[in-house]
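The values are calculated or read from the model by the stated rules, or taken from the named source; none is laboratory data. Since the structure is predicted, the reported quantities are computational estimates derived from the model, not experimental observations. All Cβ positions, even for glycine, are placed from backbone atoms using ideal geometry, and neighbour counts span all protein chains on display.
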Amino acid sequence: MSPATQQPPRARALPSGWPVRRTPRWVLLAAVVLVLVAVAVSLVHKPSQAERASDMRGFLSEVTTDIESCAGGVGESLAALRLVESGQDTASDVTDGMSVAQQGAANCSPATNEQLDDLENYQVSESLDSFGLIGAVSGLVAWAAPDAQNVQLDVAAVLSAKTAPARSHAEAQLNRDLARLNAQRAKVDGPIDRAIKSLAMHASPPTLPG
């Protein structure tokens, strides 16, 4: 018989010498209890109709304040254009209208308007989550930039046009951008109107000219 093949002895794993710290069981249990309590509280506390209506009033107040300076500029720009188109304008009316439209366009940028910057970062109350108002806020920002900006720049282009073809081109662009502005307003008003109706409130969405 051939001698049995001997395997080389295996090296024994040596302890590293560093103690392994284990999280105490009571800490883990406490964490689990806290999570369960938080979940239970969120499930148990359902905001009342009155609480949601109060949150909705706060929402309307905030977004109306944040958009009003931009919206006001749009209204003033379109009013200046109508004055010129009425045939009762003077050279100064045209110049003033161009200035109003250009300043209004700049004021509809979150980069230069602190109120619009606030609107971009506005957090809708959790009690209003079911109404889709987060989308309404995003739509309101888009109404301002770029849609309201484009409309006011178009107004300035119409007023500054020196020839009939240039004016016709600028007016066509203005009509397209106005249609886009109004379509965006409908996206804003829809969720807000539904929330107002659901909460039986006497209120309305922010006024957005167009």
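Numbers at a glance
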item: Residue satisfying condition, being at pLDDT 95 or above, out of contact with any Ser or Thr (no Cβ under 8 Å at 6 or more places or on another chain), aliphatic (A, V, I, L, M) and closer than 22 Å to E85 by Cα, within set V158, V151; result: V158
item: Selection from segment 170-188 of residues that are of a type outside the set (A, V, I, L, M) and in contact (Cβ under 8 Å) with a residue 24 or more places away in the chain; result: D177, R180, N182, Q184, R185, K187
item: Verdict on A30 being at pLDDT 95 or above and assigned to a helix (DSSP H, G or I); result: no
item: Matching residues, segment 109-128, being in a loop (DSSP other than H, G, I, E, B) and either surrounded by 15 or more Cβ atoms within 10 Å (Cβ to Cβ) or out of contact with any helix residue (DSSP H, G or I) (no Cβ under 6 Å at 6 or more places or on another chain) (or both); result: S109, P110, A111, N113, N121, Y122, Q123, V124, S125
item: Residue match in segment 144-162 (condition: in a helix (DSSP H, G or I), within 13 Å of the chain's Cα centre (by Cα), among the aliphatic types (A, V, I, L, M) and buried (at least 20 other Cβ atoms within 10 Å of the Cβ)); result: yes
item: Residue in segment 56-77 that is closer than 13 Å to A148 by Cβ and β-branched (V, I, T) present; result: yes
item: Selection count, segment 73-92, where residues are in a helix (DSSP H, G or I) and hydroxyl-bearing (S, T, Y); result: 2
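This table checks each residue for (1) over 11 Å from V155 (Cβ atoms); (2) surrounded by fewer than 24 Cβ atoms within 10 Å (Cβ to Cβ); (3) modelled with pLDDT of 95 or more; (4) among the small types (G, A, S).
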{"site": "T65", "(1), (2), (3), (4)": "yes, yes, yes, no"}
{"site": "S69", "(1), (2), (3), (4)": "yes, yes, yes, yes"}
{"site": "G73", "(1), (2), (3), (4)": "no, no, yes, yes"}
{"site": "S77", "(1), (2), (3), (4)": "no, no, yes, yes"}
{"site": "Q88", "(1), (2), (3), (4)": "yes, yes, no, no"}
{"site": "A91", "(1), (2), (3), (4)": "yes, yes, no, yes"}
{"site": "M98", "(1), (2), (3), (4)": "no, yes, yes, no"}
{"site": "A105", "(1), (2), (3), (4)": "no, no, yes, yes"}
